[in-house]
Amino acid sequence: MTDMNTLTEFLGWCSIINISILFLSTIALAVARKPVSGIHSKMFGVSESALPLTYMQYLGNYKIAIIVLNIVPYIALKIIS
């Protein structure tokens, strides 16, 4: 069993890594929207007009997952330790 300090440190690093991935994904979609949309449209058979909504859903769901699974437990462990 790991101690609380190790778990807190682990969740902190998970948060940093996941927030970085979210940031890079957002930048990539903002900068290279046309090429990325073309590739995803061909790969998944989705029309290019439907992709912006799909991208926003992906980014929103990923952000919620980061908050619920990484940041909130990290803050809770910081408070009790």
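The values are calculated or read from the model by the stated rules, or taken from the named source; none is laboratory data. Owing to the predicted nature of the structure, the values given are computational and were not obtained by experimental measurement. Methodologically, a virtual Cβ is constructed for each residue, glycine included, from the backbone with ideal geometry; neighbour enumeration extends over all protein chains shown.
Picking from Ile39, Ile71, Ile75, which residue would you name as being exposed (fewer than 12 other Cβ atoms within 10 Å of the Cβ) and part of a helix (DSSP H, G or I)?
Exactly one of Ile39, Ile71, Ile75 is exposed (fewer than 12 other Cβ atoms within 10 Å of the Cβ) and part of a helix (DSSP H, G or I), namely Ile39.
Just wondering, is there one or more residues in segment 17-28 that are without any contact (Cβ under 8 Å) to a residue 60 or more places away in the chain and over 21 Å from the mean Cα position of the chain (by Cα)?
Looking through segment 17-28, none of the residues is without any contact (Cβ under 8 Å) to a residue 60 or more places away in the chain and over 21 Å from the mean Cα position of the chain (by Cα).
For the list (1) more than 26 Å from Thr6 (Cα to Cα); (2) modelled with pLDDT of 95 or more; (3) loosely packed, with under 12 Cβ neighbours inside 10 Å, I need the number of the one condition that Thr26 fails.
Single failed check for Thr26: (3).
How do the pairs read when you match residues in segment 37-53 that are among the small types (Gly, Ala, Ser) with residues anywhere that are in a helix (DSSP H, G or I) and surrounded by 10 or more Cβ atoms within 10 Å (Cβ to Cβ), using Cβ under 7 Å and keeping only pairs 6 or more apart or on different chains?
Ser37/Leu51; Ser41/Leu51; Ser47/Ser41
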